[in-house]
Amino acid sequence: MDVIRDPQHMQAQALAWRAEGVKVGLVPTMGFLHDGHLSLVRIAKEKSDVVVLSLFVNPTQFGPNEDLDRYPSNIQRDLELCEQEGVSVVFMPDADAVYAQDASVFVQEEQLSQGLCGLSRPIHFRGVLTVVAKLFNLVLPALSVFGEKDAQQIRLIRRMVRDLNFPVEILSGPIVRESDGVAMSSRNSNLDPESRKQAIVLRKSLQAIEQAVKSGESSVAALREVAEACLSDSDLGTLDYLEFVDDESLEPVTEVGDRAVLVAMAVQFPGARLIDNIVVAK
Ligand code: AMP
């Protein structure tokens, strides 16, 4: 396994692979790897000749009062896990090598990024799409794999690929969970023990919604009440949002019908803001 830090070196390697007809799979991450990330590596490995895992805590997707400085890191462990999974290259550039000091071109999506996480994190998706576009240009992957845990993110990336004609196939992996059902997240390690216990309220609320839909409830107002009853079990978490949106347009809906509805939520705990989601339909 190679570790590449220099973006130019990464691109030269990618061009060499392209000339040899090697099919590259890319898994972008911010490190502090867990089984959620590794599940994406396995998907990439199955479908490509070489897997590049990028490990980059991207400063442009963090707002001024967010957790950039507290983002967890254990590079030695990450490299060991990548080696075990058969990753070919870990690309881990420094931020100042990725962004010119006077960088002035960014990728801004204007529809799907407006609601959900975009409301409380207004510059987040501009940072995400910009860095993913840059990674596509540096790694030249034939395919790239993202997790459904970040539901809005993967929909935005598919939209960027469509609207800007990136020659890359986007694949997704399902949410991987801890044994108690909490979605795996690098940020879980920043929760104090009591918050970590209460983090299950996201999953419980979404499961209660799923159950109510299965039992015939279709009114979003009623489903919201079901979730709010679960959320009252947590005194440490503050609901940032719970939204019911059309799975494709991400426009809010008032009823769950035949079309898939994405139910997405974010809860702020003292140490970390957590997200989770579920897709429901009649
Ligand atoms: P991150 O390092 O948090 O930026 O995540 C890197 C990639 O891993 C993104 O595509 C995430 O959606 C995905 N990911 C993070 N957590 C999980 C999880 N629990 N299950 C599946 N994919 C995940």
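The values are calculated or read from the model by the stated rules, or taken from the named source; none is laboratory data. Everything numeric here is computed off the predicted structure, so don't read it as measured data. Methodologically, a virtual Cβ is constructed for each residue, glycine included, from the backbone with ideal geometry; neighbour enumeration extends over all protein chains shown. Accessible surface areas use protein heavy atoms only, side chains included; no ligands, DNA or RNA. Shrake-Rupley method; radii C 1.70, N 1.55, O 1.52, S 1.80 Å.
Things to note:
- The chain - share of DSSP beta bridges that are antiparallel (%, nearest 5): 50 percent
- Comparing Cα centroids, the stretch 236-262 and the stretch 110-143 end up 20 angstrom apart.
- Cut-off 14 Å, label 7 Å out along Cα→Cβ of Ala222, residues of the stretch 193-216 by amide N: 209-216
- Entry comment: accessible area of the chain is 47 Å² per residue, from protein heavy atoms only and a probe of 1.4 Å.
- Distance between the modelled labels on Ser215 and Asp235, one decimal in nanometres: 2.8 nm (7 Å Cα→Cβ projection).
- Total charge dipole magnitude, the chain, about the Cα centre, Cβ charges on Lys, Arg, Asp, Glu only, Debye to nearest 20: 400 debye
- As a fraction of the 1.4 Å probe accessible area of the stretch 2-173, surface on carbon and sulfur atoms comes out at 47 percent.
- Dividing the helix sum by the residues of the chain, where each DSSP H run of 4 or more adds -39500 (n - 2.57), gives a mean residue ellipticity at 222 nm of -11500 deg cm²/dmol.
- Cα gyration tensor shape of the stretch 2-173, rounded if a/c is under 1.5, else prolate or oblate by comparing a/b with b/c: rounded
- Paramagnetic label reach from Glu251 (point 7 Å along Cα→Cβ; backbone nitrogen cut-off under 15 Å): within the stretch 94-123, residues 111-115.
- Spin-label zone in the stretch 67-95 - amide nitrogen under 18 Å from a point set 7 Å from the Cα of Val3 along the C-beta vector: 72-95
- Positive end of the dipole of the stretch 72-186 (Cβ unit charges, origin at the Cα centre): among Gly173, Asn74, Leu138, the Cα lying farthest that way belongs to Gly173.
- Between the helical axis of 200-214 and the longest alpha-carbon principal axis of the chain there is an angle of about 60 degrees.
- In the chain, Cα pairs under 8 Å separated by at least six residues give a relative contact order of 18 percent.
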